[in-house]
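Colleague: My questions all concern the structure below.
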Amino acid sequence: VKSAIESILRSCSKAYSLALLTSSKATIDNVTKDKSQGSLFRSVLKCIPYLIEEVGRNDRMTEIIPQHVTSIDPVVREEAVLVLNRIVRFLPDRRFAVLKGMATFILKLPDEFPILILNSLGRLVELMRLWRACLSEELLAKDMQSFKRSSLGGDTLQRSSPFHRSKDISEFRASEMDAVGLVFLSSADVQIRLTALELLRCVRSLKNDLRDYSANEGDNKLRLEPEPIFIIDIIEENG
């Protein structure tokens, strides 16, 4: 069943990749005339990663789903956004893959679509904010478990974390996200520049949160690394 659903997802995604807000009207009309395929695509997207977690862990999926946030179909757009949010929330080891997939898509957007660039940059910022929120929630949950164990005495409730964190902390490559922000700081559109600036701030905040989380977990690997220099640091230092 999983392979069948994944096959359907790939097929529908390939067709709907031609029905984006950057596509020509003739191409869009040709794709969207098959109403059943659109309905099927929306239904399959709802399954990720609840019913088909493996698809959410697939590198190819985190590369192709971001393009559908600019689908001509508003329901597909909404579902694509929700899929990315769910992967960030429920699959910690895929968080950076989602950011990278979104960033790669944004860099491919033509300059003649500034609104799409602006909205997509804003979506990337929101994904980073969601990652930060997840870290806070996970730390709070861990603190509550520790409190329960100590209040009952001993390690009666000692359990492994439900979150697989092997790649979550170390895989975030701030320099790659900084590069995206730097590209759009040179945009002619003032709103895009402001959003790019906010993106750079989020990169620094997320990296710092990850370092703090790592230390809280007892892993001082990131703490022992040299303090990184972020693009936003240089901008703020030079006014």
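Colleague: Any residue in the stretch 100-126 that is closer than 20 Å to ASP59 by Cα sitting within a Cβ distance under 6 Å of a residue that is part of a helix (DSSP H, G or I) and of a type in the set (Ser, Thr, Tyr)? List the pairs, counting only those 6 or more apart or interchain.
Modeller: Matching pairs, first to second residue: GLY101/THR62; ILE106/SER120.
Colleague: Checking LEU18 against (1) of a type outside the set (Ser, Thr, Tyr); (2) buried (at least 16 other Cβ atoms within 10 Å of the Cβ); (3) not in a helix (DSSP H, G or I), which test does it fail?
Modeller: (2)
Colleague: Taking into account only those residues within the stretch 60-79 that are polar (S, T, N, Q) and part of a helix (DSSP H, G or I), which is farthest from LEU121 (Cα to Cα)?
Modeller: That would be THR62.
Colleague: Could you please find all residues in the stretch 30-45 being more than 21 Å from PHE105 (Cβ to Cβ) and either at pLDDT 85 or above or surrounded by 13 or more Cβ atoms within 10 Å (Cβ to Cβ) (or both)?
Modeller: ASN30, GLN37, SER39, LEU40, SER43
Colleague: Among the listed residues LEU139, LEU127, identify the single one that is closer than 15 Å to VAL81 by Cβ, surrounded by 15 or more Cβ atoms within 10 Å (Cβ to Cβ) and not charged (D, E, K, R).
Modeller: Unique residue meeting the criteria: LEU127.
Colleague: With the requirement that a residue be closer than 13 Å to PRO228 by Cβ, touching a residue at least 40 places away in the same chain (Cβ under 8 Å) and either surrounded by fewer than 19 Cβ atoms within 10 Å (Cβ to Cβ) or basic (Lys, Arg) (or both), what does the stretch 198-208 give you?
Modeller: SER205 - this is the single residue of the stretch 198-208 that is closer than 13 Å to PRO228 by Cβ, touching a residue at least 40 places away in the same chain (Cβ under 8 Å) and either surrounded by fewer than 19 Cβ atoms within 10 Å (Cβ to Cβ) or basic (Lys, Arg) (or both).
Colleague: Is it true that some residue in the stretch 58-77 is over 26 Å from ASN208 (Cα atoms) and in contact (Cβ under 8 Å) with a residue 60 or more places away in the chain?
Modeller: Checking the stretch 58-77: at least one residue is over 26 Å from ASN208 (Cα atoms) and in contact (Cβ under 8 Å) with a residue 60 or more places away in the chain.
The values are calculated or read from the model by the stated rules, or taken from the named source; none is laboratory data. Everything quoted here is computed from the prediction, not taken from an experiment. Glycine gets a Cβ as well: all are built from the backbone with ideal geometry, and neighbour counts include every protein chain shown.
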